[in-house]
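Below you'll find the structure, written out as structure tokens, and then a few comments.
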Amino acid sequence: MSPVATRESVESVVTDALERFGVERADITMDAALAELDIDSLDMIELGQIVREEFGVELRPEDVTELRDVGDLVGMVVQQAG
Amino acid sequence: MNDSVVATGIGAITPLGTGAETLHARWCAGEVGIVDGLGRCHDFEPSEFLSRKEIRAADRFTQLAVAATAEALSHAGWSDGLPYRPDRIGCVLATSVGGIQTCLEQQERGRVKGYASVSPLTVTMQMANAGAAMVAQRWGLHGECCAVVAACASGTSAFGLARRLLFDGTLDAVVLSAGEAAITPQVISAFEVMGALSKSGVARPFDRRRDGFVVGEGAGALVLERASGAAKRGAAPVGEVVGFAATTDAYHVSAPEPTGRTAAQAITKALDSAGIGPADVHYVNSHGTASRHNDIAETRALKTALGDAANGIPVSSTKSTIGHLMGAAGTVEAIGTLLALRDGIAPPTLGLEEPDDELDLNYVPEQPQRLQQPADGHRVAISNSFGLGGHNAVVVLRVAA
């Protein structure tokens, strides 16, 4: 069963993932620009896998390119989880 | 050869611990890095050498290779920057199976969770050239970089390519890195099933009771430059790579050609490439896997190639202390050999307690021996690697006494 995709739970999962990818925890804020975090396209694919596994949300590549900051990403997951 | 190839930096991570000098000191002291039938790098802590990001993107074989390379580059005095144009520095990486742990882990992940869950980093972690790519990226090497794969001969075969790249003027320096991390049930079982693995879990090269090799993991690295370049920047070489040759048995994919004829040719050609003869050799670092077949074929090859001189040259096996590092073995063993020559010591073949009737060379059983004083101020050694597939590679090393 996927856990409920609340803002808190999604923020937590995304933050943990970004930290595992090598981003400093202190740099992971909701208004941090994704383009400025030290992550690449492969990291984003893995993030997509994590989000799918945790919340059953499928992030399409074309949706992801529109995102500006971490908060946008979290918001999109919460929204798509319905 | 007008401008010889020298090693200005060395590094190693082995079952004896971290560092090239650690390998040398502990081996000469008779320590055995094999525990419970495996040569694991217990002391290796990736976070001491790589960032979290690098660790995540690197299979263990790459982590080990990068760590050993860091030591070699520091030793060579490259910490403050590259001494040559970056497009004239390359990396040759030796490995036999590359990122096999990642490969097997992701295979299992895919099987259990579905293949859409396989890590997006899988390809770039498991590919055999991953180590070369990470070394190049981390240190900004823009020259030719690739992996050399020849099973257990890889680590010595790499010297052949590195030498050519320097001799033909393609590059001014080659970072030779080697890494192998294949201690995983599938690999161990595969060696066991083919009868290659020691049942006793003890490596006894050249011993009457030898029963096969012990699997090890680890890495080695050398910075290779032309002697003129090293001298110009005031770098003191550890030693010279004065010769190299390789031949192929073309006999059987796993058994060595039993007379050792083609392996002997590799030794002879290597000595010829160095412009020396058997009487000039002070030490032989054998392939010495402790397999029933290799140790006899190698002995025959040494007798054929070195003739009468064979009986007077100490021959020992690094695998007796750290196990078989497979693709990384030849590189790590060359490093052990350079330091042995520097200190005038033939390190011991550990576990050699009962001689075999047919194996009657001086294999330096259990205790190190002093090397004879060289007449011309240099000590010379050959290091052999004979890989599955019949690949024979021999490198000739020389160090000022």
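The values are calculated or read from the model by the stated rules, or taken from the named source; none is laboratory data. Only a predicted model underlies this, so the values are computations on that prediction, with no experimental measurement involved. Don't worry about glycine lacking a Cβ; one is built from the backbone with ideal geometry, like all the others, and counts go over all protein chains shown. With ligands, DNA and RNA removed, areas are computed over all heavy atoms of the protein, side chains included. Shrake-Rupley method; radii C 1.70, N 1.55, O 1.52, S 1.80 Å.
Gain in length, residue B:45 to residue B:362, computed as 0.36 nm per residue apart minus the alpha-carbon separation, to one decimal in nm? Before the final figure, lay out each step's value.
Numbers: separation 317, 0.36 × 317 = 114.12 nm, distance 3.75 nm.
That works out to 110.4 nm of additional length.
Give me the extension gain from residue B:84 to residue B:208: residue separation times 0.36 nm, minus the current Cα-Cα distance, reported in nm with one decimal. Don't skip to the end; give the middle numbers.
On the way: separation 124, 0.36 × 124 = 44.64 nm, distance 5.06 nm.
My answer for the length gained is 39.6 nm.
From the C-alpha coordinates alone, can you work out the Kirkwood hydrodynamic radius of the protein assembly as shown, in Å?
Roughly 23.5 Å, rounded to one decimal.
How many percent of DSSP beta bridges within the protein assembly as shown run antiparallel, rounded to 5? Show your work: numbers first, answer last.
Working: 44 of 64 bridges.
Counting only bridges with both partners in the protein assembly as shown, antiparallel ones make up about 70 percent.
To the nearest 500 deg cm²/dmol, what mean residue ellipticity at 222 nm is calculated for chain A from DSSP H runs of n ≥ 4 alone, each contributing -39,500 (n - 2.57), summed and divided by the residues? Let's see the in-between values first.
Details: 4 runs with 44 residues, N = 82.
So the helix-based figure for chain A works out to -16000 deg cm²/dmol.
Name the shape class, rounded, prolate or oblate, that the alpha-carbon gyration tensor gives for segment B:109-264, where a ≥ b ≥ c are the square roots of its eigenvalues, rounded holds for a/c under 1.5, and otherwise prolate holds if a/b is larger than b/c and oblate otherwise.
oblate
Using the Cα atoms as the points, what is the convex hull volume per residue of segment B:91-185 in Å³?
93
Please compute the Cα-Cα pair-distance distribution of segment B:231-276 with 10 Å bins starting at 0, giving whole percents from short to long.
24, 32, 25, 12, 7
Report the accessible area of residue A:42, computed with a 1.4 Å probe over the heavy atoms of all protein chains in place, in Å² rounded to the nearest 10.
50
For segment B:1-153, what does the alpha-carbon gyration tensor say about shape, rounded, prolate or oblate, given a ≥ b ≥ c as the root eigenvalues, a/c under 1.5 as rounded, and a/b over b/c as prolate?
Verdict is oblate for segment B:1-153.
Given 0.36 nm per residue, what is the gain on full extension from residue B:186 to residue B:116 after removing their alpha carbon distance, in nm?
22.8 nm
What percent do you get for the relative contact order of chain B when only Cα pairs under 8 Å and 6+ apart count?
With pairs under 8 Å counted, the relative contact order is 24 percent.
Which residues' amide hydrogens lie under 5 Å from the amide hydrogen of residue B:351, considering only partners 5 or more residues apart or on another chain, with H built in the peptide plane?
Close amide H contacts, sequence-distant or interchain: B:366.
If each DSSP helix of 4+ residues adds -39,500 (n - 2.57) and the sum is divided by the residues in chain B, what number results at 222 nm, nearest 500 deg cm²/dmol?
After summing the helix terms and dividing by residue count, I get -10000 deg cm²/dmol.
Could you check the spin-label model distance between residue A:29 and residue A:50? Points 7 Å from the Cα along Cα→Cβ, value in nm.
Spacing of the two 7 Å Cα→Cβ label points: 2.0 nm.
Divide, for chain B, the radius of gyration over alpha carbons by 2.2 N^0.38 Å, where N is the residue count.
So chain B has a normalised radius of gyration of 0.91.
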